[in-house]
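The values are calculated or read from the model by the stated rules, or taken from the named source; none is laboratory data. Only a predicted model underlies this, so the values are computations on that prediction, with no experimental measurement involved. Methodologically, a virtual Cβ is constructed for each residue, glycine included, from the backbone with ideal geometry; neighbour enumeration extends over all protein chains shown. We work out accessible area using only protein heavy atoms, side chains counted, and drop any ligands, DNA or RNA first. Shrake-Rupley method; radii C 1.70, N 1.55, O 1.52, S 1.80 Å.
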Amino acid sequence: MDLILALSKGRIFEDTLPLLEAAGITVTENPETSRKLILPTSDPGIRVLIVRASDVPTYVQHGAADFGVAGKDVLLEHGGEGLYQPVDLHIAKCRMSVATRAGFDYETAVRQGARLRVATKFTSIAREHFGKKGVHVDLIKLYGSMELAPLVGLSDAIVDVVSTGSTLRANNLVEVEEIMEISSRLVVNQAALKMKRARLQPIIEAFERASAAGAK
């Protein structure tokens, strides 16, 4: 039985390559230079789908891919329905944070019960975070260039993934609160796990060993 793995371009793809190699699988084309959206591997029975990071859980949930790699942030927004999540791969690490313009008194605004306008594409995470704090927010859904929102007065704050913080600093924004640490996880379609267990299990175990070694 063939296997299909869903990956997104960029850091997750690059960080997943060593895990695949630990399972004896090499992706034979580079998604940055190839125009193909389905990439071959050294194993003729395994192919890689290149999809948007936010779409990985959907492809796996509905069985268009048997397994995939997705960030914790994406999985929380998706809800994780119909997905088996056997391994935290400890790759593509970053954090989910609240950021504001430099000079905006976030602590005072929160303490005084101000209603904050928050721009984010992670509306579920933001809603839960501010709800737990008892902070009233108006959420503004954006899909990109989050840093622009506070600069032009669209929002008081943003909730976004932060890696080095250099983009925030370049736009005169500061991290004011960390919500959670983020890493990427292996996700597996539950039906595929039953029907293709003999093919999937060795790969899952190889990923577990390689990620455990990398986390030390």
Item to check | Failed condition for A65, given (1) surrounded by fewer than 21 Cβ atoms within 10 Å (Cβ to Cβ); (2) in a loop (DSSP other than H, G, I, E, B) | outcome: (1)
Checklist entry - Residues in the range 10-19: is at least one assigned to a loop (DSSP other than H, G, I, E, B) and either within 17 Å of the chain's Cα centre (by Cα) or surrounded by 19 or more Cβ atoms within 10 Å (Cβ to Cβ) (or both)? => result yes
Item to check | Residues of the range 95-130 classified as in contact (Cβ under 8 Å) with a residue 12 or more places away in the chain, under 22 Å from S184 (Cβ atoms) and open to solvent by 20 Å² or more (accessible area, probe 1.4 Å), total | outcome: 5
Item to check | Test set (1) more than 22 Å from E208 (Cα to Cα); (2) at pLDDT below 95; (3) in a strand (DSSP E or B) - V87 fails condition number | outcome: (1)
Item to check | Number of the condition not met by P57 [criteria: (1) over 21 Å from A210 (Cβ atoms); (2) in contact with a strand residue (DSSP E or B) (Cβ under 7 Å, 6 or more places away or on another chain); (3) open to solvent by 30 Å² or more (accessible area, probe 1.4 Å); (4) not hydrophobic (A, V, I, L, M, F, W, C)] | outcome: (3)
Checklist entry - Does the range 179-192 include one or more residues that are outside any strand (DSSP E or B), open to solvent by 60 Å² or more (accessible area, probe 1.4 Å) and in contact with a strand residue (DSSP E or B) (Cβ under 8 Å, 6 or more places away or on another chain)? => result yes
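Name the single residue, out of those in the range 167-216 being β-branched (V, I, T) and closer than 20 Å to A149 by Cβ, that is modelled with the lowest pLDDT.
Quick first cut of the range 167-216, residues β-branched (V, I, T) only: 167, 174, 176, 179, 182, 187-188, 203-204.
Then keep just the ones that are closer than 20 Å to A149 by Cβ; that gives 167, 174, 176, 179.
Values: T167: 94, V174: 97, V176: 97, I179: 97.
So the residue we want is T167.
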Item to check | Residue in the range 23-35 that is least open to solvent (accessible area, probe 1.4 Å), counting only those that are within 23 Å of L200 (Cα to Cα) and more than 22 Å from the chain's Cα centre (by Cα) | outcome: I25
Checklist entry - Residues in the range 144-157 that are farther than 19 Å from R95 by Cα and open to solvent by less than 20 Å² (accessible area, probe 1.4 Å): how many? => result 3
Checklist entry - Mind checking which residues of the range 158-174 are within 19 Å of the chain's Cα centre (by Cα), open to solvent by 40 Å² or more (accessible area, probe 1.4 Å) and within 23 Å of K132 (Cβ to Cβ)? => result V161
Checklist entry - Restricted to the range 100-157, and to residues that are small (G, A, S) and part of a strand (DSSP E or B), which residue is farthest from the chain's Cα centre (by Cα)? => result A157
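Somewhere in the range 131-143, is a residue surrounded by fewer than 20 Cβ atoms within 10 Å (Cβ to Cβ), touching a Pro at 6+ places or on another chain (Cβ under 9 Å) and modelled with pLDDT of 95 or more?
Filtering the range 131-143 for residues surrounded by fewer than 20 Cβ atoms within 10 Å (Cβ to Cβ) gives 131-136, 138-143.
From what is left, the residues that are touching a Pro at 6+ places or on another chain (Cβ under 9 Å) are none.
Within the range 131-143, none of the residues are surrounded by fewer than 20 Cβ atoms within 10 Å (Cβ to Cβ), touching a Pro at 6+ places or on another chain (Cβ under 9 Å) and modelled with pLDDT of 95 or more.
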Next on the checklist: Return the residues of the range 1-26 that are β-branched (V, I, T), touching a residue at least 60 places away in the same chain (Cβ under 8 Å) and more than 21 Å from C94 (Cα to Cα); say none if nothing qualifies.
Outcome noted: I4, I25
